[in-house]
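Reading through the structure tokens given below for one structure.
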Amino acid sequence: MKKIFTLMIVLAFATIANAQYYYLPNLSAGENPKGVNTDIEQPGTAGWTNIATTSATPAWSTVATLPSDFTFNFNGAPVTAYKVSTSGVLTFSTTAGAVPSSTNQALPSASIPDNSIMVWGLSGQGANDVIRWKVFGDAPFRQYWIQFTSYSAPGSSGTNWTYWGIVLEETTNDIYIVDQRTYVTPLSLTIGIQVDGSNAYTVNGAPNTPSVVTNGGTEDTPVDNAFYRFINGVQPANDVAMNKLTFSPFGGAGSTVNITGEILNAGSSPITSLAIKYTANGSTQTTNLTGLNIPSATSYTFNHSTPFVIPSAGTWPVKVWAELTGDNNKANDTLSQSIVALAFQPTKRVLFEEATGTWCQWCPRGAVYMDSLHKVYPTTAMLVAVHNNDPMVVTEYDANLAGYIAGYPSGLVDRKNGEFDPSQFFDEYDVRINGYTPCDITVNATYNAGTRAYNIDLSANFAADLSGDLRFNCVVVEDAVRGTGSGYNQRNAYANNAAGPMGNYHNLPDPVPAAQMVYDHVARAILGNWVGTEASLPTSVTANSTHTYNYTYTLPAGINPDKVHIIAWVTDANTGEVYNTNEKNFSTGITTKKADAFTVNTFPNPSNGVTNFEVKLNKITEAATLEIYDLTGRLIYTSADAKFVGGSQFLTWTANESVANGIYQATIKIGNDVVSTKVALTR
């Protein structure tokens, strides 16, 4: 499906020939400009040089000089030195005296020296606040970065921070202003350029532009970054830029890869037609796109009509470019990416991280779909319920995941393609499980009952040559979590069928009392922080190589070691994508038991149409009823009441021909006690 994402563009400029800039926003970049800076966004990162430290009031940095072989023109004239204010203003007018206050204004402003670039409205008063520089990339397109590290907003207090970069690029003379990460900092910024008191250029929203990168504030890699690109000159009418390529870099020999990506209309006129071309394995393929209406500064996703067929094992470079009539700027038309044919086919498993909370009235939907995934795909769906603002919260895990979702319940699937409602999990599983992954991962773990310590050995066997910031990560998960406090009561929008059926929750009250609730897949610890453990894998691996890493973890009191899973994965810290995952399961099994009066064993499961339920009772009791629901909560079968006494008794569901294959919830009721379980029907 074609999608158009509109990004507003505002230009403020005078009409003199030698004083003009225009800008292009890239607010969904997911990387730093051109991907050359992959540094972690933390104080003390290696290779940076500090030019200003914390200051109680706005102050200029020392004057810094660009490297002698780094040539950069500002507004058409060469510059060699600059200074930066702790209020967020960089100026090439190094003799400027008065320091701009942290109270930003609209441009042009008399408070700003001539020849300045700014993220005006910052404050560098914290203990870790520094301004620093570093050079990235290779000549002749190196980037000189000036970074505001661990900054905040004027007047802010408490724990908060923001990271921004001003980037000078040699040869192109482009200026980038990079929004890197922000945590609970109420920013209202002037982002732009002031050439002099009459000529200035600001981004949309200035002087009240916020940060758009607020993913929990602890996502300290470029995977969520956004930026604005300022270009000296007059914006051409026709200019298309190849913004990013989104097709898989992996595949099997003989498989097909859809060539997909995103273009940006960098011209001032709408794009109504263009051609997308790619060259691979000595052949060029063309798809012509017509009937378009892509406004200026707007991105457009494409899917080439001719997939690439991987001929054989090896690495296959793919060059992709856009052709637009009247586009005389060819420098930004093309991007390249290689596709690696895997040396062997790893077993793919899929990671689900679901955001939930006992306070969330819609989160029973997440529990139903997570349990259903477990029943259908017990060995290939790795499930983590990340709780928010309740007694089961893991603060670091919750804070990061919360930045990637718009509401609850919601979740990530392999941390790729954005967030999904739990009702979409099965569809996304189908997409991910059929894709290619570059590695197998094995989880071996032992538990010492005396010390409650786990020794966790991870092993990754790679099917392709890879380079980058590869990392292991590991999460401790507990099933069958119960609690007695009110924080374990589950809000329930489905009570009394108020929002339609949902598992058995439409038969339960709002809130469901803690005594009737059991929580599965509960995250108890994330051992490698959100992005994984730095240096846990080499920066370069080769096909058929195996790499290992060890974690240790001591289980806190109150967590049942008989209900623990160790889930681990390999991730690309630059993109955030989880390549593959696996688990070591210490759990004796998930149960959705709501009382202690009886237990249920289901067999066969998956079922070919006849499903047996062994009910084990602890005491003489009363009539038992079996009910079967589909995943929408619709009741499709009710048994006749059966009089049960103590011991093992059996109920049977024979699905008639009208019942489709899929996941169903079986609920057994005996008096006031209820047990629910999932049945997979696969005839």
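Residue-by-condition table, conditions (1) in contact with a Ser or Thr (Cβ under 7 Å, 6 or more places away or on another chain); (2) in contact (Cβ under 8 Å) with a residue 12 or more places away in the chain; (3) buried (at least 21 other Cβ atoms within 10 Å of the Cβ); (4) hydrophobic (A, V, I, L, M, F, W, C):
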{"residue": "TYR505", "(1), (2), (3), (4)": "no, yes, yes, no"}
{"residue": "ALA525", "(1), (2), (3), (4)": "no, yes, no, yes"}
{"residue": "ASN529", "(1), (2), (3), (4)": "no, yes, no, no"}
{"residue": "GLU534", "(1), (2), (3), (4)": "no, yes, no, no"}
{"residue": "SER540", "(1), (2), (3), (4)": "yes, yes, no, no"}
{"residue": "VAL564", "(1), (2), (3), (4)": "yes, yes, yes, yes"}
{"residue": "VAL570", "(1), (2), (3), (4)": "no, yes, yes, yes"}
{"residue": "VAL578", "(1), (2), (3), (4)": "yes, yes, yes, yes"}
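Which one is surrounded by the fewest Cβ atoms within 10 Å (Cβ to Cβ), of the residues in region 66-90 that are in contact with an Asp or Glu (Cβ under 8 Å, 6 or more places away or on another chain) and among the hydroxyl-bearing types (Ser, Thr, Tyr)?
We begin by selecting, within region 66-90, every residue in contact with an Asp or Glu (Cβ under 8 Å, 6 or more places away or on another chain); these are 70-72, 86.
Now narrow it down to the ones that are among the hydroxyl-bearing types (Ser, Thr, Tyr): 71, 86.
Numbers: THR71: 14, THR86: 27.
Filtering first and then ranking leaves THR71.
Checking the structure you have, find out if any residue of region 506-519 is within 30 Å of LEU466 (Cβ to Cβ), of a type outside the set (Gly, Ala, Ser) and within 28 Å of the chain's Cα centre (by Cα). Walk me through how you get there before you give the answer.
Quick first cut of region 506-519, residues within 30 Å of LEU466 (Cβ to Cβ) only: none.
No, that holds for no residue.
For the structure I just gave you, tell me whether ASN329 is surrounded by fewer than 19 Cβ atoms within 10 Å (Cβ to Cβ), over 30 Å from PRO378 (Cα atoms) and touching an Asp or Glu at 6+ places or on another chain (Cβ under 9 Å). Reasoning before the result, please.
Working: surrounded by fewer than 19 Cβ atoms within 10 Å (Cβ to Cβ): yes; over 30 Å from PRO378 (Cα atoms): yes; touching an Asp or Glu at 6+ places or on another chain (Cβ under 9 Å): yes.
In short, yes.
Here's the yes/no breakdown for (1) within 20 Å of THR172 (Cα to Cα); (2) surrounded by 14 or more Cβ atoms within 10 Å (Cβ to Cβ); (3) at pLDDT 90 or above:
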{"residue": "PHE13", "(1), (2), (3)": "no, yes, no"}
{"residue": "ALA17", "(1), (2), (3)": "yes, no, no"}
{"residue": "LEU27", "(1), (2), (3)": "no, yes, no"}
{"residue": "LYS34", "(1), (2), (3)": "yes, yes, no"}
{"residue": "ASN37", "(1), (2), (3)": "yes, yes, yes"}
{"residue": "PRO43", "(1), (2), (3)": "no, yes, no"}
{"residue": "ALA46", "(1), (2), (3)": "no, no, no"}
{"residue": "THR49", "(1), (2), (3)": "no, no, yes"}
{"residue": "ALA52", "(1), (2), (3)": "no, yes, yes"}
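Of all residues in region 287-306 being under 27 Å from the mean Cα position of the chain (by Cα) and either assigned to a loop (DSSP other than H, G, I, E, B) or of a type in the set (Phe, Trp, Tyr) (or both), which is farthest from GLY267 (Cα to Cα)?
HIS304
Only residues that are in contact (Cβ under 8 Å) with a residue 24 or more places away in the chain, surrounded by fewer than 21 Cβ atoms within 10 Å (Cβ to Cβ) and within 26 Å of ASN400 (Cα to Cα): list them for region 154-182, please.
The answer is PRO154, GLY155, SER156, GLY158, THR159, ASN160.
With respect to the numbered conditions (1) touching a residue at least 60 places away in the same chain (Cβ under 8 Å); (2) closer than 14 Å to VAL257 by Cα; (3) crowded, with 18+ Cβ neighbours inside 10 Å, which one is the sole condition not fulfilled by TYR300?
TYR300 satisfies all of (1) touching a residue at least 60 places away in the same chain (Cβ under 8 Å); (2) closer than 14 Å to VAL257 by Cα; (3) crowded, with 18+ Cβ neighbours inside 10 Å except (2).
Taking interchain pairs and intrachain pairs at least six residues apart, which have beta carbon atoms under 9 angstrom, with the first residue in region 359-386 and over 14 Å from HIS521 (Cβ atoms) and the second part of a loop (DSSP other than H, G, I, E, B) and acidic (Asp, Glu)?
Sorted first by the residue in region 359-386, then by its partner, the pairs are TRP359/ASP390; CYS360/ASP390; GLN361/ASP510; ARG365/ASP421.
Rundown of residues vs (1) crowded, with 23+ Cβ neighbours inside 10 Å; (2) more than 30 Å from TYR183 (Cα to Cα); (3) over 18 Å from the mean Cα position of the chain (by Cα), yes/no style:
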| site | (1), (2), (3) |
| --- | --- |
| LYS348 | no, yes, yes |
| TRP362 | no, no, yes |
| ALA385 | yes, no, no |
| TYR408 | no, no, no |
| LEU412 | yes, no, no |
| PRO422 | yes, no, no |
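Take the conditions at pLDDT 95 or above and either part of a helix (DSSP H, G or I) or surrounded by 15 or more Cβ atoms within 10 Å (Cβ to Cβ) (or both) and apply them to ASN574. Does it pass? Walk me through it before giving the result.
Details: at pLDDT 95 or above: no; either part of a helix (DSSP H, G or I) or surrounded by 15 or more Cβ atoms within 10 Å (Cβ to Cβ) (or both): yes.
Criteria not met by ASN574.
Quick check on THR442: is it in a strand (DSSP E or B), more than 22 Å from the chain's Cα centre (by Cα) and without any contact (Cβ under 8 Å) to a residue 12 or more places away in the chain? Show your work before the answer.
On the way: in a strand (DSSP E or B): yes; more than 22 Å from the chain's Cα centre (by Cα): yes; without any contact (Cβ under 8 Å) to a residue 12 or more places away in the chain: no.
Against the criterion (in a strand (DSSP E or B), more than 22 Å from the chain's Cα centre (by Cα) and without any contact (Cβ under 8 Å) to a residue 12 or more places away in the chain), THR442 does not qualify.
Looking at region 481-491, which of its residues are under 17 Å from GLU354 (Cβ atoms) and not in a strand (DSSP E or B)?
Initial filter on region 481-491 (under 17 Å from GLU354 (Cβ atoms)): 481, 490-491.
Of everything in region 481-491, just one residue is under 17 Å from GLU354 (Cβ atoms) and not in a strand (DSSP E or B), namely ARG491.
Any residue that is under 30 Å from THR80 (Cα atoms), in contact (Cβ under 8 Å) with a residue 12 or more places away in the chain, outside the structural domain of ALA297 (by TED's automatic domain parsing) and touching a Lys or Arg at 6+ places or on another chain (Cβ under 9 Å) - is there at least one of those in region 200-217? Don't jump to the end; show me each part of the working.
If we filter region 200-217 for residues that are under 30 Å from THR80 (Cα atoms), which is where we start, we get 200-204, 206-207, 209, 211.
Going one step further and asking which of them are in contact (Cβ under 8 Å) with a residue 12 or more places away in the chain, we end up with 200-204, 206-207, 209, 211.
This time we only want the ones that are outside the structural domain of ALA297 (by TED's automatic domain parsing), so: 200-204, 206-207, 209, 211.
When the remaining residues are screened for being touching a Lys or Arg at 6+ places or on another chain (Cβ under 9 Å), the result is 211.
Within region 200-217, one or more residues are under 30 Å from THR80 (Cα atoms), in contact (Cβ under 8 Å) with a residue 12 or more places away in the chain, outside the structural domain of ALA297 (by TED's automatic domain parsing) and touching a Lys or Arg at 6+ places or on another chain (Cβ under 9 Å).
If we keep just the residues of region 229-280 that are aromatic (Phe, Trp, Tyr) and within 30 Å of TYR436 (Cα to Cα), which is surrounded by the most Cβ atoms within 10 Å (Cβ to Cβ)? Spell out the reasoning first.
First pass over region 229-280, keeping only residues aromatic (Phe, Trp, Tyr): 230, 247, 250, 278.
Applying the additional criterion that residues be within 30 Å of TYR436 (Cα to Cα) yields 247, 250, 278.
Numbers: PHE247: 19, PHE250: 22, TYR278: 24.
Across region 229-280, the extreme among qualifying residues is TYR278.
Among the residues of region 183-194 satisfying the criterion of being crowded, with 23+ Cβ neighbours inside 10 Å and of a type in the set (Val, Ile, Thr), which is farthest from the chain's Cα centre (by Cα)?
Once the filter is applied, the top-ranked residue is ILE193.
Would you please name the residue that is modelled with the highest pLDDT, looking only at residues in region 495-522 that are under 28 Å from VAL476 (Cβ atoms) and part of a helix (DSSP H, G or I)? So that I can check it myself, show each step before the final result.
Filtering region 495-522 down to residues under 28 Å from VAL476 (Cβ atoms) leaves 503, 505, 511-522.
Next, from what is left, pick out any that are part of a helix (DSSP H, G or I): 505, 514-516.
Details: TYR505: 89, ALA514: 94, ALA515: 91, GLN516: 91.
So, considering only residues that are under 28 Å from VAL476 (Cβ atoms) and part of a helix (DSSP H, G or I), the one modelled with the highest pLDDT is ALA514.
The values are calculated or read from the model by the stated rules, or taken from the named source; none is laboratory data. Since the model is a prediction, treat every value here as computed from it, not as a measurement. Glycine gets a Cβ as well: all are built from the backbone with ideal geometry, and neighbour counts include every protein chain shown.
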